[in-house]
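**Student:** Just passing along the structure, written as C-alpha cells.
The values are calculated or read from the model by the stated rules, or taken from the named source; none is laboratory data. Remember, it's a predicted structure, so these values are computed and weren't measured experimentally. The protein model used for the area step is the full one, side chains on, heavy atoms only, and it has no ligands, DNA or RNA in it. Shrake-Rupley method; radii C 1.70, N 1.55, O 1.52, S 1.80 Å.
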Amino acid sequence: MSPFKWKVALFDLDGVVFDTEPQYTVFWGEECRRYHPEQPGLEQTIKGQTLTQIFERYFSDVAEEHAAIVERLNAYEAQMYYDYVPGFYDFITSIRSEGVKTAVVTSSNQAKMQSVYRQRPEFQSLFDAILTSEDFTESKPSPDCYLKGAARFGATPSECVVFEDSFNGLKSGRAAGMYVFGLSTTNSAEAIAPLADEVIGDYLRM
C-alpha cells in the first residue's frame, strides 16, 4: 500500500516509535518475580497489555500493592532511554512532507509522555496529534482509540493506516477497519502475521 495514498498514519508508541519493549520486560520481570515467583516468564505473557489489564488479569490478588507498582513504574519510565525503531525518524519525516497527517495513539499516560518530551524534545513536532490513555474510555483491543484518532482529522477508517506491535493493538487496528502494519519488534513475525495486512521489522525499507 503506497504511503502517499494515506490520509492519516496512526502509531502506537512502545515497540513502534520507540524500541522500549526490552526495557519493559526487565521492569515487569522484576515485578513478576516479586509478586508471582511461582509463574516464571510471566513478563513475556503480559507484553503489549495496558497497565489496567495487567493489574486486573495478573495482579488482582495484590491490589494493595498497585500504588507502589505504579510509583516504581513512573520512576523507571523517567530514566528509560527512548531510542527510535530503526528508520522511524526518516520515514515519518518523509510521509509528513507528502501531506500525510500523523498521530500517536498510545495507552501510555501523560506522566510517561513528559519523560519522553524531556528526552526527545523534537518528538512533538513529528506528530499532528498525540492521544494518550486519558483520551480513551476503552483500552485496546477495542477500536475506540484508533477511531478517535481518525476522527481527530475527519478521516474515515479506509483513509488511515495503523502501525502496531502488540496483539491487542493489532486487533484494535483491525477492529477499527484500518490497514494494519505489524512490527515484529515485540512478537515474532509469524505470530503477528494473522493480525496484520503487512509485517515489517523496522522502517528501513518502507
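**Student:** So with the 1.4 Å probe, I'd like the accessible area per residue for region 1-82, rounded to whole Å².
**Tutor:** With the other protein chains kept in place, region 1-82 gives 48 Å² per residue.
**Student:** Report relative contact order for the chain in percent, whole number only (criteria: Cα-Cα under 8 Å, sequence separation at least 6).
**Tutor:** It rounds to 27 percent for the chain.
**Student:** Hey, another quick one. Please list Arg174, Arg152 in order of solvent-accessible area, largest first, computed with a 1.4 Å probe with all protein chains present.
**Tutor:** Largest accessible area first, the residues go Arg152, Arg174.
**Student:** Per residue, how large is the accessible surface of region 111-163? Use a 1.4 angstrom probe and give square angstrom.
**Tutor:** Here the per-residue accessible area is 45 Å².
**Student:** Name the residues whose placed amide hydrogens come within less than 5 Å of the amide hydrogen of Phe18, ignoring near sequence neighbours (fewer than 5 apart) on the same chain.
**Tutor:** Placed amide hydrogens put Val85 under 5 Å from Phe18.
**Student:** Cα-Cα pairs above 23 Å in region 1-123: how many percent?
**Tutor:** 39
**Student:** Still on this structure, please answer the following. Computing the accessible area with a 1.4 Å probe over protein heavy atoms, can you report the carbon and sulfur percentage for the chain?
**Tutor:** C and S atoms contribute 50 percent here.
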